[in-house]
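Visitor: Before I ask anything, let me first share the structure, which is written out below as structure tokens.
Values quoted throughout were computed directly from the atomic coordinates according to the rules given, and no laboratory measurement underlies them. All figures in this text were calculated on a predicted structure; none of them were measured in a lab. Please note: Cβ atoms are built from the backbone with ideal geometry, for glycine as well, and neighbour counts cover all protein chains shown.
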């Protein structure tokens, strides 16, 4: 494994980091275009398998890039891809959040914040529905999604119980 | 505003959220920061999350950078992000290896399907927890509904959605916020 391939991984995901407005999932089509069609690091079918793995693991869904990096250049590749994907955007977010805190009482800040809230509300619900559409292939999976949503919304039951029940239901009933 | 937190508190808090964040960390981290540790109120959380979501990058990773910096400076951010990412990184690398060996076994595949459907439900439930307080302000209802329709119905990219909705939202907020 050469420094060259690590450099390529760092450059690719560093660039994508600052383009990933709307979270890692919104960047998935662009990542697929580059690593599958352009660089030929993986096949389309490998890409969708890696996507499933990243989603089955705990942690932020940005870890699709960890799996890709590890496939291309082993564990160092996975770590470099992850760092390149999270650092530029994370540092930007920290600086802007500090700026917002500093001007907590300023009217422009309260206006900007108030204007962002309805967009967040729309996006979190849309993202949840995209996930539901991808994973609900029949009545049972749809029922699992709806029941879990109700429990999460109305109770403080720990998510791990729900996830365990969901995996068990999948094993026994699907 | 949250109390000053130590780097250890940040690391362990975000570590818990990372290791339990199946199907996305947002539901877990919202519960941890708002319900359990009371580091933020629901509205403070919404404000910080909105900001992080409107910036590039993974929302929850951005949130740990921003929250860590806010309560304990740069080293706080490092503690929060390492806490969030270390266990999931180890697990995802292990899973990639396991999946290569056992991914085709039917019972594993079925369990993963059930897990994915439940994870979607978690996202929906925590989405409702976030959205409902925001939708209590009347001008937000139509704006949020438009964003939802543009994102879920028309599959527009976020920069485009922001370009269409944010100017209207800004004008309405400018009039409403004293």
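Visitor: Sort A:105, B:44 so that the residue with the fewest other Cβ atoms within 10 Å of its own Cβ comes first and the one with the most comes last.
Guide: The order, fewest Cβ neighbours first, is A:105, B:44.
Visitor: For a quick check: sort B:146, B:50 by the number of other beta carbons within 10 angstrom, fewest at the front. Kindly include the intermediate steps, with their values, before the conclusion.
Guide: Values: B:146 18, B:50 25.
With the sparsest Cβ surroundings first, the list reads B:146, B:50.
Visitor: What is the spread of the Cα atoms of chain A along each of their three principal axes, largest first, in whole Å?
Guide: 52, 49, 25
Visitor: For the stretch B:138-178, just list the percent of Cα-Cα distances falling in each 5 Å bin from zero outward, please.
Guide: Computed distribution, short to long bins: 6, 24, 31, 22, 12, 5, 1.
Visitor: Exposure proxy check: B:137, B:81, B:60, B:165 ranked by fewest other beta carbons within 10 Å?
Guide: Fewest to most other Cβ atoms nearby, the residues stand as B:137, B:165, B:81, B:60.
Visitor: Here's a follow-up. Between the stretch A:50-122 and the stretch B:99-133, how many Å separate their Cα centres?
Guide: 21 Å
Visitor: Considering every pair of different Cα atoms, what Kirkwood radius, in Å, is found for the stretch A:1-102?
Guide: 13.9 Å
Visitor: If I model a spin label at residue A:98 and residue A:46 as a point 7 Å from the Cα along the Cα→Cβ vector, what separation in nanometres do I get?
Guide: In this crude label model, residue A:98 to residue A:46 measures out at 4.0 nm.
Visitor: Over the Cα atoms of the protein assembly as shown, what Rg and Dmax result, in angstrom?
Guide: Spelled out, the Cα radius of gyration and Dmax of the protein assembly as shown are 19.4, 60 Å.
Visitor: Ok, one more. If you take the square roots of the eigenvalues of the alpha-carbon gyration tensor of the stretch B:7-136 and sort them as a ≥ b ≥ c, do you get rounded (a/c under 1.5), prolate (a/b over b/c) or oblate? Can you show the working numbers first?
Guide: On the way: a/c = 2.43, a/b = 1.41, b/c = 1.73.
Here the stretch B:7-136 falls in the oblate category.
Visitor: Also, I was wondering about something else. For chain A, set up a Gaussian network in which alpha carbons nearer than 10 Å are linked by springs, and say which option among A:92, A:11, A:155 fluctuates the most.
Guide: A:155
Visitor: Can you give the FRET efficiency to the nearest 0.05 for residue A:133 and residue A:168, using r as the Cβ-Cβ distance and R₀ = 30 Å?
Guide: Efficiency, rounded to the nearest 0.05: 0.80.
Visitor: Answer rounded, prolate or oblate for the stretch B:69-178, using the Cα gyration tensor with square roots of eigenvalues a ≥ b ≥ c: rounded when a/c is under 1.5, else prolate when a/b is larger than b/c, else oblate.
Guide: oblate
Visitor: Another question, then. Give me the angle, in degrees from 0 to 90, between the Cα long axis of helix B:59-102 and the longest principal axis of the Cα atoms of chain B, rounded to the nearest 10.
Guide: The angle comes out near 40 degrees.
Visitor: With angles folded into 0 to 90 degrees, how steeply does helix B:138-148 sit against the dominant principal axis of chain B? Use alpha carbons for both and round to 10.
Guide: Helix B:138-148 sits at roughly 50 degrees to that axis.
Visitor: At what distance in angstrom do the alpha carbon centres of the stretch B:135-178 and the stretch B:7-79 lie from each other?
Guide: 24 Å
Visitor: While we're looking at this one, here's another question. Which FRET efficiency value, to the nearest 0.05, do you get for residue B:136 and residue A:160 by plugging their Cβ-Cβ distance into 1/(1 + (r/R0)^6) with R0 = 30 Å?
Guide: Details: r = 30 Å, r/R0 = 1.01.
E(calc), rounded to 0.05, equals 0.50.
Visitor: Further question: Can you show me the helix-derived [θ] at 222 nm for the protein assembly as shown, built from DSSP H runs with n ≥ 4 at -39,500 (n - 2.57) apiece and divided by the number of residues, rounded to the nearest 500.
Guide: About -26500 deg cm²/dmol.
Visitor: Looking only at A:107, A:154, A:133, which one moves most when chain A is put into a Gaussian network model with springs between Cα atoms under 10 Å?
Guide: A:154
Visitor: Another one. Mind checking the full-extension length gain between residue B:74 and residue B:157? Use 0.36 nm per residue of separation minus the Cα-Cα distance, one decimal, nm.
Guide: Residue separation times 0.36 nm, minus the Cα-Cα distance, leaves 26.7 nm.
Visitor: If you don't mind, there's one more thing I want to ask. Taking Cα atoms, how many degrees apart are the long axis of helix B:106-135 and the longest axis of chain B, rounded to 10 and kept between 0 and 90?
Guide: 20 degrees
Visitor: From the C-alpha coordinates alone, can you work out the Kirkwood hydrodynamic radius of the stretch A:70-140, in Å?
Guide: In the stretch A:70-140 this quantity evaluates to 15.9 Å.
Visitor: Also, I was wondering about something else. With springs connecting C-alpha atoms under 10 Å apart, model chain B as a Gaussian network and identify which of B:72, B:116, B:96 has the largest mean-square fluctuation.
Guide: B:96
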